[in-house]
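The structure appears right after this line, and notes come after that.
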Amino acid sequence: MDSFSNPSASGGSSPPISQEDFMNQLKTQLAQAYAEEFLETVRGKCFDKCITKPGSSLSGGESSCVSRCVDRYIEATGIISRALFSSQR
C-alpha cells in the first residue's frame, strides 16, 4: 500500500488521514521529487560541461568548473522561485 491509499478502504483500523495531513505529505513528497530531479539535472549538465576526461579524480579546473556550475544553477533556481512566488501574491 502506498502513502496515498486510504487505510480504512483496505480494511485497516487506522482513522482516515485528514486533508491537511494529506496535503502536507503531498508537499513533502513533491519537494523531495523536485530536489532529486534538480540534483540529477545539475549533475548531468555540469558533468557534461566541466568534465573533459573522466578519471579517478577531478583536475583543479574541472573541480572549480563544477563548483561554479552548481552555484549558478542554485542561484538561477532561487531567482526563478522567488519570481514565481512573488507573482502568485
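Checking each residue in the stretch 25-50 for being under 23 Å from Ile80 (Cα atoms) and polar (S, T, N, Q) picks out Thr28, Gln29, Gln32, Thr41.
Within the stretch 16-73, the set of residues being of a type in the set (S, T, N, Q), surrounded by 12 or more Cβ atoms within 10 Å (Cβ to Cβ) and in a helix (DSSP H, G or I) comprises Asn24, Gln25, Gln29, Thr41, Ser63, Ser64, Ser67.
Readers should treat all values here as calculations from the given coordinates under stated rules, not as data from a laboratory. Note that the structure is predicted; figures quoted are calculated from it, not measured. Every residue, glycine as well, gets a Cβ built from its backbone with ideal geometry; the counts of neighbours run over all protein chains shown.
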